[in-house]
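The values are calculated or read from the model by the stated rules, or taken from the named source; none is laboratory data. Keep in mind the model is a prediction, meaning the values are calculated, not measured. Neighbour counts are summed over all protein chains in view; Cβ atoms, including those assigned to glycine, are modelled from backbone coordinates with ideal geometry. The area values use the complete protein model at the heavy-atom level, side chains included, leaving out ligands, DNA and RNA. Shrake-Rupley method; radii C 1.70, N 1.55, O 1.52, S 1.80 Å.
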Amino acid sequence: PTASYNMLSNGTKLITNLINKNAKNPIYKAELVDSLMLIYDQMIENYPKYAVSTRNNKALNMYNFYKDSPKKLYDGLDEIIAANQEKVKANILLFHMNTAINLYKDGMLDEETVINVYENAMDLIDKITPKTEIEKKSNENVKSDIDNLFSQSQVASCDKLLEIFTPKLAAESDNLALAKNIVKIMMRTDECTEQTGGERQYRSGYRT
């Protein structure tokens, strides 16, 4: 209880160094990674003032050290994104998207979950306030990368997208933002579009 924030922060650096030095000792490495995550949890619990940045740092280390446990990585990133919202680091959204797609390919996530991850990532990245022009450009690149990941993943067929989105739109028929987002997502699926006189016509009945 009397440990300072700096003491715990320095502790994460020391343990990270130990993890890297013991990369060839999987059992000890796993124990060290667990200890690292425990320290982050203690920092979040006892120093709420720094909780956002601590969660972001925890997420980055999850991505570094949970690559052999994709479901654990996905769940951890999911929890941090839910807590930090628009204060999350943009690249964490990219890691989350990539992990979700890999889990889908392994049969561990369904199409709707991956689409929800994509929708949430694109929504949050637009809400992130960059502190510098460099960060702004970096976030724009991350947004483009997320878009490309989703469009190339072929997660859902056009029919599946219609199955998922039709009831959503029916329930919120006046939600223009939702309708625009649905069209945008369907534009990522070639099967959903056919070129007619220079205008893209969508099988869902929407036109742009």
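The set of residues in the stretch 121-134 that are open to solvent by 60 Å² or more (accessible area, probe 1.4 Å) and of a type outside the set (Lys, Arg) comprises Asp123, Asp126, Thr129, Thr132, Glu133, Ile134. Only one of the numbered conditions (1) more than 17 Å from Asn84 (Cα to Cα); (2) modelled with pLDDT of 95 or more is not met by Asn61, and that is (1). Reported count of residues in the stretch 56-86, each being outside any helix (DSSP H, G or I) and aromatic (Phe, Trp, Tyr), is 1. The residues of the stretch 89-111 that are among the basic types (Lys, Arg) and in a loop (DSSP other than H, G, I, E, B) amount to a single one, Lys89. Would you confirm, using the coordinates I've provided, whether Ile44 is free of Cβ contacts under 8 Å to residues at least 24 places away in the same chain and among the β-branched types (Val, Ile, Thr)? So Ile44 fits the description; yes.
Mind counting the residues in the stretch 4-33 that are touching a residue at least 40 places away in the same chain (Cβ under 8 Å) and either closer than 19 Å to Tyr47 by Cβ or outside any helix (DSSP H, G or I) (or both)? Break it down into steps so the answer makes sense when it comes.
At the first step, the residues of the stretch 4-33 found to be touching a residue at least 40 places away in the same chain (Cβ under 8 Å) are 5, 12, 16, 19.
The next check asks that each one be either closer than 19 Å to Tyr47 by Cβ or outside any helix (DSSP H, G or I) (or both); those that pass are 5, 12, 16.
Summing the residues that are touching a residue at least 40 places away in the same chain (Cβ under 8 Å) and either closer than 19 Å to Tyr47 by Cβ or outside any helix (DSSP H, G or I) (or both) in the stretch 4-33 gives 3.
Working carefully through the options Tyr40, Tyr104, Tyr50, find the one that is within 29 Å of Glu135 (Cα to Cα) and open to solvent by less than 60 Å² (accessible area, probe 1.4 Å). Among Tyr40, Tyr104, Tyr50, only Tyr40 is within 29 Å of Glu135 (Cα to Cα) and open to solvent by less than 60 Å² (accessible area, probe 1.4 Å).
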